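I have placed the structure first, in the form of structure tokens, so that the comments after it can refer back to it.
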Amino acid sequence: SSGINAEQAVVSTQSTGAEFAKANFPATPLFDYARQVEKITTSKKPNLILNVDGCIATLFVDLLYQSGSFSVEEARDLIDIGCLNALFVAGRSLGFIGHYLDQKRLKQGLYRHPWDDIAYMTPGPGTGN
């Protein structure tokens, strides 16, 4: 255990992301707005924080709109076609590959969740449905 809880990791990511963006982006209006929303949500419930994915998403959108590399229409098109979803799929895929390689290194099989718990709304395997 690293001794850092998830909330501390998010705060660290926000700080690092904010510092990088403030130093390298012309402006960060969406990220700044998200941080203001976070102040409201955490006043209602302390765990309603802007998480790591939210930080990355808002900063990425700010980069698209504020960098000067894309027109507003190009930025909108990239968002509409799902480039942010692809970014997160790529990250999750790398994480899955890491888990797979770690399990192989440890000579353990991959975790298999019990089928009856997964298929609670289906007739089950081998029924043709």
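Laboratory data are not the source of any read-out in this text; all were calculated from the coordinates shown. Values in this document were obtained by computation on a predicted structure and should not be read as measured data. Quick reminder, even Gly has a Cβ in these numbers, built from the backbone with ideal geometry, and neighbours come from all protein chains shown.
Report note on the peptides 73-80, 52-59: ranked by the mean count of other C-beta atoms within 10 Å, highest first, their order is 52-59, 73-80. Residue ranges 85-93, 27-35 sort as 27-35, 85-93 when ordered by packing (mean number of other C-beta atoms within 10 Å per residue, highest first). Taken along the Cα-to-beta-carbon direction at a fixed 7 Å, the label points for residue 94 and residue 42 span 2.6 nm. Across the alpha-carbon set of the stretch 33-90, the Rg to Rh ratio works out to 1.07, Rh being the Kirkwood radius. Listed values for the stretch 76-85 are Karplus-derived 3J(HN,Hα) couplings in whole Hz (6.51 cos²θ - 1.76 cosθ + 1.60, θ = phi - 60°), namely 4, 4, 4, 5, 5, 7, x, 4, 5, 4, and x replaces Gly and Pro.
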